[in-house]
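First the structure, in the form of C-alpha cells, and then the observations on it.
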Amino acid sequence: MKVVILAGGLGTRISEESAYKPKPMIEIGGMPILWHIMKNYSHYGFNEFIICAGYKQHVIKEWFSDYFLHTSDVTFDYTGGKSEIIVHDKHIEPWKVTVVDTGLMTQTGGRVKRIRDYIGDEPFMLTYGDAVGDMNIQEILEFHKSHGKIGTMSMYNFGQNKGVVEVGNDGVINAFREKSDLDGDLINIGFMVFQPELFDYIDGDETIFEKGPLAKLVEKQELFGYIHKGYWQCMDTLREKQKLEQLWDAKSAPWKIW
C-alpha cells in the first residue's frame, strides 16, 4: 500500500527555517522530519511513498537524489585525471519515492487530487509532513479494514496547555487547577487511510482537504476515527522544533520505534 505525504505548504509559522527549505525538510537530529515520518511507516513494512511537494519542491527532489551520499562513506577520486565516485557500504532503506510537484499555491485537497494517477484504484495511506508520533501503522490499517468505510482519520487528545479555571454560570470561580489531558479536545493528527473513492469527493486545486472531502465524508458517515493514545507532536513553530531536537539529542525520542 502506498503512503502519501503532504509536503507542499509554505510553513509560514516556522519561517525562521522554512524561508530556506520546505517545512518537511527541516531537520531533527540531522535528518529531515520527513525522513522520521517515513521511517515510522517503513518500520511496519510500507516502503512506497508519494510526496506531494510544492514550495521549494526542488529541495526535496535533490535530497532524495543524493540520499545514498548522505548515509554512506564516499571517496572522490580525481587522481590521474580521473573523476570517479566510490560509495562504501550504502546504508539506505528499501524505499521507492515519487516526488510530485503539486503546485505552489494548491490547497491540501487539491494536492491529493493531483496524485490520483499515482494511486490508481487502490486504498492508500495519507499523512502530513510536519508531525511525528509512535503510531502503530499496522493497527490503524486493521482498524480501517474492520469498519469498511471510505476513510479513517487518526485523532489525539493534545491536552490543555495552561492551568484550568472552573467558573459557574454566575461568574463565580469555583476552582483553579493544573491542566489535565482530559481537558483537551480530540484533534486530527493525520495518519489516515482511504479507499480510492476519496478522490470523487475532491473538486480541484482550491479544495481544502479538511473542509472539503473530510467534511463530506462526515456528512455521509463514511469517516471513522482512530484514537491514538501514545506520543504525537507537530512541528509548527521553532519552539516545537527545538523541543523535538532536544528529545532526539537526549536519545529519548518517543517516535523512534525503528
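Nothing in this text is a laboratory measurement; each read-out follows from the coordinates by a stated rule. Keep in mind that this is a model prediction, so the values were computed, not measured. Heads up, the Cβs are rebuilt from the backbone with ideal geometry, glycines too, and the neighbour counts pull from every protein chain shown.
Some values worked out for this structure:
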quantity: Long pairs among Lys2/Lys90; Lys23/Lys243; Lys23/Lys56; Lys39/Lys229; Lys2/Lys241, criterion Cα-Cα beyond 18 Å; calculated: Lys2/Lys90; Lys39/Lys229; Lys2/Lys241
quantity: Hz values of 3J(HN,Hα) by residue in region 76-82 - Karplus curve (6.51, -1.76, 1.60), Gly and Pro given as x; calculated: 9, 9, 10, 5, x, x, 7
quantity: Amide H contacts under 5 Å for Ile50, placed H, 5+ residues apart; calculated: Val3, Val4, Ile5, Thr98
quantity: Share antiparallel - DSSP beta bridges, the chain, percent rounded to 5; calculated: 50
quantity: Estimated dipole of the chain in Debye, rounded to 20 [Cβ of Lys and Arg +1, of Asp and Glu -1, Cα centre]; calculated: 80
quantity: Cβ-Cβ FRET estimate between Ala215 and Asp77, R0 fixed at 35 Å, reported to 0.05; calculated: 0.05
quantity: Rounded to whole Hz, the Karplus (6.51, -1.76, 1.60) HN-Hα couplings of region 216-221, x for glycine and proline; calculated: 5, 5, 5, 4, 8, 6
quantity: GNM top mover of Thr207, Thr79, Thr237 - the chain, alpha-carbon springs below 10 Å; calculated: Thr79
quantity: Amide H contacts of Ile208 (H built 1.01 Å from N, under 5 Å, at least 5 apart or other chain); calculated: Gly109
quantity: Centre separation in Å (Cα based) which lies between region 18-49 and region 53-98; calculated: 16
quantity: Region 1-109 - charge dipole about Cα centre, Lys and Arg +1 at Cβ, Asp and Glu -1, debye rounded to 20; calculated: 400
quantity: For q = 0.27 Å⁻¹, Debye-computed log10 I/I(0) when each Cα of region 1-79 counts as one equal scatterer; calculated: -1.40
quantity: For the chain, calculated [θ]222 nm from helices alone, where every DSSP H run of n ≥ 4 adds -39500 (n - 2.57); calculated: -7000 deg cm²/dmol
